[in-house]
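Q: Take this structure, written in structure tokens, and hold onto it; I'll ask about it next.
Just so it is clear, none of the values below were taken in a lab; they were calculated from the coordinates. Since this is a predicted model, take the numbers as computed values, not measurements. No Cβ is skipped: glycine too gets one built from the backbone with ideal geometry, and neighbour counts run over all protein chains shown.
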Amino acid sequence: MFFDGHMGALPIYERLEGEILRRFPETAVEVRKTQISFKNRHLFACASFLPVRRKSERPENFLTVTFGLGRPVYAERIAATVEAQPNRWTHHVLVGSPGEIDGELMGWIGEAYLFSEGKR
């Protein structure tokens, strides 16, 4: 039901989930109404349809990938960087195709995985 009305984004999600589970096989995947969460001890990344850019700037099919780090990352492809708590930064990346699930994005997600593991 998560993809109702967004079936075009399913290949993007399948690539994201596949890459995360290949690299971190012990990851728990939790599907909710508004997001799919990826967790180790804590949530380290999620996929949603959060509209982080204006409609005219979003591809027809997209997925917003969110991850948390202990530092801010500013890159052109990151749509938003917010310090949600002291020294905990939330980042949103708008992904418009499976090919955008690349080494750079997975590097940030890998860093988020390790950051999450170290939380108390």
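Q: Which chymotrypsin sites (Phe, Trp or Tyr not before Pro) from segment 18-120 combine a DSSP loop assignment with at most 14 other Cβ atoms within 10 Å?
A: Y74
Q: Quick one, can you get me the convex hull of the C-alpha atoms of segment 1-59 expressed as volume per residue in Å³?
A: Value for segment 1-59: 95 Å³ per residue.
Q: Taking N as the number of residues in the chain, what is its Cα Rg relative to 2.2 N^0.38 Å? Kindly include the intermediate steps, with their values, before the conclusion.
A: Details: Rg = 13.5 Å, N = 120, 2.2 N^0.38 = 13.6 Å.
Working it through for the chain, the quotient is 0.99.
Q: Suppose a student asked you for the relative contact order of the chain, using Cα pairs under 8 Å spaced at least 6 residues apart; what percent would you report?
A: Numbers: 203 pairs, mean separation 30.8, N = 120.
Worked out over the chain, it gives 26 percent.
Q: Helix-only estimate, please: 222 nm mean residue ellipticity of the chain, summing -39500 (n - 2.57) across DSSP H runs of length 4 or more and dividing by its residues, to the nearest 500.
A: Roughly -8000 deg cm²/dmol at 222 nm, from the helical runs in the chain.
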